[in-house]
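The values are calculated or read from the model by the stated rules, or taken from the named source; none is laboratory data. On a predicted model such as this, the values are computed, not experimentally measured, just so you know. As a convention, Cβ positions derive from the backbone with ideal geometry for all residues, glycine included, and neighbour counts pool all protein chains shown.
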Amino acid sequence: MQAPHIAIRRPGWLSEFTAFIMRGNVVDLAVGIIIGAAFTGIVNSLVKDVFTPLIGLLVGGIDFTNIFITLKGPSQPTLDAAKAVGAVTINVGLFLNAVIQFVIVGFAVFWMVKLLSRLYVKKAPDMKPTASELLLTDIRDLLAAQSGTSPKA
């Protein structure tokens, strides 16, 4: 004896969701987010390992990560030491690093968009006359033929 076949009904929203996910702009957005997350790691390293030491050297050897204000607790020479003793701090240097990262990301995105917009080739508009233009041209030619003059292009 064969077991009865039970039909599983797919909810209507499932096909709409599938169509939404497979649209090009949603997939492009997902790819952009993934690349952006990877790009963030590169920018973090660039700021932390390249720009911050260079800027610190230019301003007299200051390490931005250790610029902080102790609000509560014992004063310590480094941020790590202050965190280790449980001091409450305002981390000015870490904020400056975040600002530098934001400027670098903005600058990189600006140049990337500028480069991509130059690479994007615009299609030339189709120069074929529309049906109404063809009809108007025929009417003009007929009227010109009836009056005995030549049509002006």
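Tabulated data for the structure shown
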{"quantity": "Conditions (1) on the phi < 0 side of the Ramachandran plot; (2) modelled with pLDDT of 90 or more; (3) out of contact with any helix residue (DSSP H, G or I) (no Cβ under 6 Å at 6 or more places or on another chain): number failed by residue 113", "calculated": "(2)"}
{"quantity": "Failed criterion for residue 125 (all others in (1) in a loop (DSSP other than H, G, I, E, B); (2) closer than 30 Å to residue 51 by Cα hold)", "calculated": "(2)"}
{"quantity": "Within segment 1-99, helices (runs of 4 or more DSSP H) holding 2 or more residues that are touching a residue at least 60 places away in the same chain (Cβ under 8 Å)", "calculated": "24-46"}
{"quantity": "Where residue 11 falls short, out of the listed (1) over 32 Å from the mean Cα position of the chain (by Cα); (2) surrounded by 10 or more Cβ atoms within 10 Å (Cβ to Cβ)", "calculated": "(2)"}
{"quantity": "In segment 78-102, residue farthest from residue 42 (Cα to Cα) [restricted to those that are of a type outside the set (A, V, I, L, M, F, W, C) and touching a helix residue (DSSP H, G or I) at 6+ places or on another chain (Cβ under 9 Å)]", "calculated": "89"}
